[in-house]
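Written below as structure tokens is the structure these notes are about.
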Amino acid sequence: MKAGTPAFVQAVEAALTDFFRTRRAAVEPLGPVFVQAAETLVLFVLRGGKRTRPAFAWTGWLGAGGDPTGPDAAAVLKACAALELVQACALIHDDIIDSSRTRRRFPTVHVDFEQRHRDRGWAGDSEHFGTSVAILIGDLALAWADDMVHASGLEPAAIARFAPVWALMRTEVLGGQLLDINGEAGGDESVAAALRINRYKTAAYTVERPLHLGAAIADAEPRLVEDYRTFGTDIGIAFQLRDDLLGVFGDPAVTGKPSGDDLREGKRTVLIAEALQRADRTDPDAAALLRASIGTDLTADEVEHLRAVLTGLGAVDEVERRITDLTEQGLAAIESSSATQAAKQQLRAMALAATRRAA
């Protein structure tokens, strides 16, 4: 079974659905409030998606010699699918941190429960209630990710190899989120800081560590692990750089978020850092405009003007150059690796799909 195909996506979702079914006995005794919270998590996870992280983990396992028709394939797939629960935790909490109101045209989890509180006329602050519930639902997703791995059926030796990588991945994604928050609050405008955030907030748990997890299950040789990690870091950062461009220039029908939302949220991306660095050197007025505008409630016309400023400064072209260079470096690393030829072809296709997404 090839990652990225409809059959693979369906298999991941079937594994998640089966796991959720096993949680009912633990959830129902806690009463309807917790049942509703758990159901919200289930809907959030199963609402759709490309299942990118399980796909990289599965392909990492195949590339290291895993047999998709072997007796341990089902257990491996379940362990890979657990990455979707880590992703759910990250997204739910990220929406709170970014004060996002929608995701993929649906209300974000905290907004959903804020509205439920308001509709029922309950005591206290509706916004605080929604945030509190969403934090706990995100925590539940992370706890269930661990549960799903341990219930996957992997052999004890495979779990022992898997666990340290899994622990590093969780720490890195949380650390990357904290670096992001700190960077915004502290006003760190450097390109280096933005790249560091990309490295740990996105690349580590989107591509690098999923590949590493697949390799760990297969007991891959250290050199292949290093090549996977090089590929994963480069492609993961390129993926985030593309996402940063889409956050400013993307079509809401594709991105699922309002146009220019990253500008309104004041995200300290490589795009913004590069633009400020260039404006400080050549166009003080543009630098002042960017600093005064980012993180404010911009109108559609103001967003359009800022897009023109970013493009005129050459920041967009520079980010595109970085995406190209990182993609080429990552592809070179995987091509020279000992991964199976089929895995190399699949990883190349996945890398190009991730880094060349249309707006």
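The values are calculated or read from the model by the stated rules, or taken from the named source; none is laboratory data. Because the structure is predicted, anything quoted here is derived from the model rather than measured. Don't worry about glycine lacking a Cβ; one is built from the backbone with ideal geometry, like all the others, and counts go over all protein chains shown.
Summary of computed values
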{"read-out": "Some residue of segment 321-328 being of a type in the set (Asp, Glu) and touching a helix residue (DSSP H, G or I) at 6+ places or on another chain (Cβ under 8 Å)", "value": "no"}
{"read-out": "Enumeration of residues in segment 197-241 that are without any contact (Cβ under 8 Å) to a residue 24 or more places away in the chain and farther than 18 Å from residue 329 by Cα", "value": "222"}
{"read-out": "Which numbered condition residue 154 fails, given (1) surrounded by fewer than 14 Cβ atoms within 10 Å (Cβ to Cβ); (2) of a type outside the set (Val, Ile, Thr); (3) not in a helix (DSSP H, G or I)", "value": "(1)"}
{"read-out": "Segment 288-310 residues that are not assigned by TED's automatic domain parsing to the domain that holds residue 101, paired with ones that are assigned to a loop (DSSP other than H, G, I, E, B) and surrounded by fewer than 15 Cβ atoms within 10 Å (Cβ to Cβ) (beta carbon under 6 Å, 6 or more apart)", "value": "294/266; 295/266"}
{"read-out": "Near pairs, Cβ below 8 angstrom, 6+ apart or cross-chain, from segment 111-140 (hydroxyl-bearing (Ser, Thr, Tyr)) to any residue that is at pLDDT below 95", "value": "none"}
{"read-out": "Restricting segment 92-142 to residues that are under 24 Å from residue 258 (Cα atoms) and polar (S, T, N, Q), the residue that is surrounded by the most Cβ atoms within 10 Å (Cβ to Cβ)", "value": "108"}
{"read-out": "Unique match (being in a helix (DSSP H, G or I), assigned by TED's automatic domain parsing to the domain that holds residue 343 and over 25 Å from residue 65 (Cα atoms)) among 167, 194, 160", "value": "194"}
{"read-out": "Wholly within segment 286-359, helices (runs of 4 or more DSSP H) carrying at least 2 residues that are farther than 25 Å from residue 206 by Cα", "value": "300-312"}
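Yes/no matrix, rows are residues, columns are (1) within 28 Å of residue 42 (Cβ to Cβ); (2) at pLDDT 95 or above; (3) under 15 Å from the mean Cα position of the chain (by Cα); (4) among the small types (Gly, Ala, Ser):
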{"position": "143", "(1), (2), (3), (4)": "yes, yes, no, yes"}
{"position": "147", "(1), (2), (3), (4)": "yes, yes, no, no"}
{"position": "154", "(1), (2), (3), (4)": "yes, yes, no, no"}
{"position": "163", "(1), (2), (3), (4)": "yes, yes, no, yes"}
{"position": "167", "(1), (2), (3), (4)": "yes, yes, no, yes"}
{"position": "173", "(1), (2), (3), (4)": "yes, no, yes, no"}
{"position": "185", "(1), (2), (3), (4)": "no, no, no, yes"}
{"position": "189", "(1), (2), (3), (4)": "no, no, no, no"}
